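Every number here is computed from the coordinates shown, using simple stated rules; none is lab data. Model, not experiment: these values are computed from the prediction.
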């Protein structure tokens, strides 16, 4: 099993490299097109500038501007706090609506990875604009776990076998009856978010206790979830749980 998982991780890294394209922009910047998709199913792009050995990586303002153009206003105190909390978890700063990180030769890959993950996470905030969602799904999950007396730590970062850091929404510590449980709230369960979750889990699992468990709670408040999403998560030993069926796992989280 270990060799099989290692091969899958290696295949993912090869795919990531082969599907990444570079282009000079204005002579001072390099545009990086990644294979990661945003909510429009467009490839995520970022830009690298600076001098040799000291780089600035930015989204060029695309993420925030796109959300605002789509009707997602981030001016409220609650949403500003959520935005800052999300970015801080990835070590990303915001400057004039641009998501930015600084990098050097040694940590360039890690910082690029962190910026892309931050862009994907902030992009997901688009669903704040939906009239069918009264609050952030992450907060829905947190409030529910509080209401059933689950002991958890929010926003935990683990370093995977690849050396990349991965942010998980909640971690429930091991008890006498249950192993460590990692809980991820997936607001927009689709092919891209499922693949991202699978990679995070595969890369992280070997660095955690052998009996650690992952619960992926999927938002089905505004529509049904594709069976392929649940199948993709289940195939890699993640427990995929639609929000409407969250009470089925209550005993497993409170134990």
Across 100, 221, 117, the residue with the highest GNM fluctuation in the chain (Cα network, 10 Å cutoff) is 221
Using a Gaussian network model of the chain with C-alpha springs under 10 Å, which one of 166, 113, 40 is most mobile by mean-square fluctuation? 40
Log10 I(q)/I(0) at q = 0.18 Å⁻¹ for the stretch 11-129, from Debye over equal alpha-carbon scatterers, is -0.96
In whole Å, largest first, the alpha carbons of the stretch 137-254 cover along the principal axes 35, 32, 21
Degrees between helix 2-18 axis and first principal axis of the chain (Cα, 0 to 90, nearest 10): 30
With the contact rule set at Cα under 8 Å and sequence spacing of 6 or more, what percent relative contact order holds for the stretch 11-129? 23
When only Cα pairs under 8 Å and 6 or more residues apart are kept, what is the percent relative contact order across the stretch 137-254? 24
Compute the acute angle (0 to 90°) between the alpha-carbon long axis of helix 108-123 and the principal axis of greatest extent of the alpha-carbon atoms of the chain; round to the nearest 10°. 60
Which value in Å is the Kirkwood Rh of the chain over different Cα pairs? 19.2
Checking 161, 111, 200 against a Gaussian network model of the chain (alpha-carbon springs below 10 Å), the top fluctuating residue turns out to be 161
